[in-house]
Amino acid sequence: MSTRRFAWLSAVLLAALTGSAPILADTAPTLPTEPPAAEAQVLTTPRYGQDIQPIFDRRCIACHGCLGSPCNLKLDSFAGVQRGAFALNPYATHLVDYPRTDMDAVGTLAGWRELGFYPVLTEDPSQDDTGAENLNGSLMHRLLAAGSAFNQPGFSREALAPVYAGRYAYACPSTVAALDAQLAQNPAQGMPFGLPALDHQDFDTLTRWISAGAPGPTEQEQQATARAAHPAAVARWETFFNDPDPRRQLVSRYIYEHVYLAAMALEEDPETHFRLVRSSTPPGEPVAIIGTALPYDDPLAYAGVQRFWYRLHKETGAPVQKSLFVWRLKRAQIAHLDHLFFAPDGPGAHWDAQAPLDPPWGIGNPFSVFRAIPAEARYRFLLENAAVFQLSAPGVRG
Ligand code: HEC
């Protein structure tokens, strides 16, 4: 990179970091010419749900949307944004001692910090009117400013080839100083990575939000989002899965172990996605996910409880296509499953009375673990729902 280019980057970053995004637009000759933001917009702080998440959804979550995202940074919910990033690379040699990083693995922000996640926004926002400190301390803003400076139309991705080639050994910079050093070495590493920069309006909205201390949704908004619109539909399914009859419990386990990655879309509420989880709390109470590493791990031992319940947990993060496997469930499906597995005038007549109804947990041959369930009911269930199982293999290449 030429010294001239670097000097220009520094100037642009400085301008951006002092909270003056419009200066960035004025300095960069190649920025698209969009109308300046209306005055009213400049004065109000952007709201997370309405203004910020949609930008992340459009421009970031294709890469930062699932488990194993670059730097483990998930931008599909405020909790993920706030949790921040994690320098250990899941694709390096950490398969064994890499901690579980699903959003439910740790309950508090302090817990994430303890695990090693670092903020990408200023952790203790300053109330300073200029917002300069908040921008200055934000890894995210520095990366967006670098993206705006270098990835304007006509940019080349060649400069990223070495980063891509070394991706398995890559460790994310966790401090402003380390990130600055990286960007000085390779200013093309701004965000969105290898893609055209944010347009002027999105960049301006994010800049104003970060400089205002990156406020999240209110507690009330979060609760409203987490609430199911059709609790009766959820209750019907939870009743089906939690019937204490041992044969029914084995069928619930069989179904769970096949659909734990699926997004359940109920006929009564088709736009909402639920995930079937195992919880230490019964229906009616808030879900407390028992987050075993594998779906066939023992939930009782893991959570230290005597009993667990299957629950429908509402997904509140933005759906990401590559990890979205929708399992559409008509209301009549409950009666159908009842008939398929248990009716004496169908496959349900052939339960194997010699096989255990409470086989041990842990890795095992599923043909043996579930052999009490009539084979025809098992294979019909798999055939009828094949689209969900065939697709359930999320992959990320950030
Ligand atoms: C095409 C994939 C891709 C997209 C889209 C993308 N990123 Fe990234 N992001 C990456 C990669 C790869 C890294 C790690 C490599 C790097 O930092 O250069 C990363 C790292 C980051 C980091 C962490 C840096 C650190 O030091 O921990 C932040 C913050 C970030 N991105 C923000 C964003 C934001 C905000 C957007 C959307 C405006 C975005 N990214 C869009 C691929 C992407």
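Starting from the Cα of A110, step 7 Å along the direction of its Cβ; do the same at D358; then give the gap between the two resulting points in nm.
Simple spin-label model gives 3.9 nm for this pair.
How high is the relative contact order of the chain, in percent, with contacts defined as C-alpha pairs under 8 Å that are six or more residues apart?
Details: 554 pairs, mean separation 65.5, N = 398.
Across the chain, relative contact order equals 16 percent.
Counting Lys and Arg as +1 and Asp and Glu as -1, each charge on the Cβ, what is the dipole of the chain about the Cα centre in debye, to the nearest 20? Mind dumping the intermediate values first?
Values: 31 positive and 40 negative charges, 188 e Å.
The dipole of the chain has a size of about 900 debye.
Fewest Cβ neighbours within 10 Å first, please rank I255, I334, I363 accordingly.
Numbers: I255 18, I334 15, I363 9.
Final ranking by Cβ density, sparse to dense: I363, I334, I255.
Is region 106-214 rounded, prolate or oblate when judged by the Cα gyration tensor, a ≥ b ≥ c being the square roots of its eigenvalues, rounded requiring a/c under 1.5 and prolate requiring a/b larger than b/c?
Numbers: a/c = 2.18, a/b = 1.23, b/c = 1.78.
Note, shape of region 106-214 comes out oblate.
Residue by residue through region 346-356, what is 3J(HN,Hα) from phi via Karplus (6.51 cos²θ - 1.76 cosθ + 1.60, θ = phi - 60°)? Round to whole Hz and write x for glycine and proline.
Coupling constants for region 346-356: x, x, x, 6, 10, 5, 8, 5, 7, 8, x Hz.
Can you give the helix-only mean residue ellipticity at 222 nm for the chain, where every DSSP H stretch with n ≥ 4 adds -39500 (n - 2.57) and the sum goes over all residues, rounded to the nearest 500 deg cm²/dmol?
After summing the helix terms and dividing by residue count, I get -11000 deg cm²/dmol.
Need the full-extension length gain, S126 to T225, defined as separation in residues times 0.36 nm minus the C-alpha distance. One decimal, nm.
Values: separation 99, 0.36 × 99 = 35.64 nm, distance 2.83 nm.
Using 0.36 nm per residue and subtracting the Cα-Cα distance, I get 32.8 nm.
If neighbour count is taken as other Cβ atoms inside 10 Å, put R167, R142 in order from fewest to most.
Working: R167 14, R142 24.
The fewest-first ordering by Cβ neighbours comes to R167, R142.
At R0 = 25 Å, how high is the FRET efficiency between L195 and A169 if r is their beta carbon distance? Nearest 0.05 is fine. Numbers along the way, then the final one.
Numbers: r = 23 Å, r/R0 = 0.92.
After rounding to 0.05, the efficiency reads 0.65.
Specify whether the C-alpha gyration tensor of region 231-385 places it in the rounded, prolate or oblate class, a ≥ b ≥ c being the square roots of the eigenvalues: rounded for a/c under 1.5, otherwise prolate if a/b is larger than b/c and oblate if not. It would help to have the intermediate numbers written out before the result.
Details: a/c = 1.60, a/b = 1.22, b/c = 1.31.
In terms of gyration-tensor shape, oblate.
Within 10 Å of each residue's Cβ, count the other Cβ atoms and sort S174, S77 from fewest upward. Spell out each step's value before the answer.
Values: S174 19, S77 23.
So the residues, fewest neighbours to most, are S174, S77.
Any lysines with Cα under 21 Å of the K330 Cα? List them, leaving off those in the same chain fewer than 8 positions away.
Partners within reach: K314.
Past the 39 angstrom mark, what percentage of all C-alpha to C-alpha distances in the chain do you count?
On the way: 23533 of 79003 pairs.
Summing the P(r) tail past 39 Å for the chain gives 30 percent.
Would you mind calculating the relative contact order of region 83-158 from Cα pairs under 8 angstrom and at least 6 residues apart, reporting the percent as a whole number? If you can, show how the numbers build up before the last one.
Values: 42 pairs, mean separation 22.2, N = 76.
Dividing the mean separation by the residue count of region 83-158 yields 29 percent.
Which of the cysteines found in the chain have nothing to pair with, since no other Cys Cβ lies under 4.7 Å from theirs?
C60, C63, C66
Could you tell me whether region 266-349 comes out rounded, prolate or oblate from its Cα gyration tensor? Rule is a ≥ b ≥ c as square roots of the eigenvalues, rounded for a/c under 1.5, then prolate if a/b exceeds b/c, otherwise oblate. Let's see the in-between values first.
Working: a/c = 1.89, a/b = 1.14, b/c = 1.66.
Oblate is the answer for region 266-349, as a/c is 1.5 or above yet b/c matches or exceeds a/b.
Quick one: which residues, 5+ away or cross-chain, put their amide H under 5 Å from the amide H of A263? H built at 1.01 Å from N.
Residues meeting the criterion, in which the H sits 1.01 Å from N, are F325, V326, W327.
Every number in this text was worked out from the coordinates using simple rules, so none of it is lab data. Since the structure is predicted, the reported quantities are computational estimates derived from the model, not experimental observations. Heads up, the Cβs are rebuilt from the backbone with ideal geometry, glycines too, and the neighbour counts pull from every protein chain shown.
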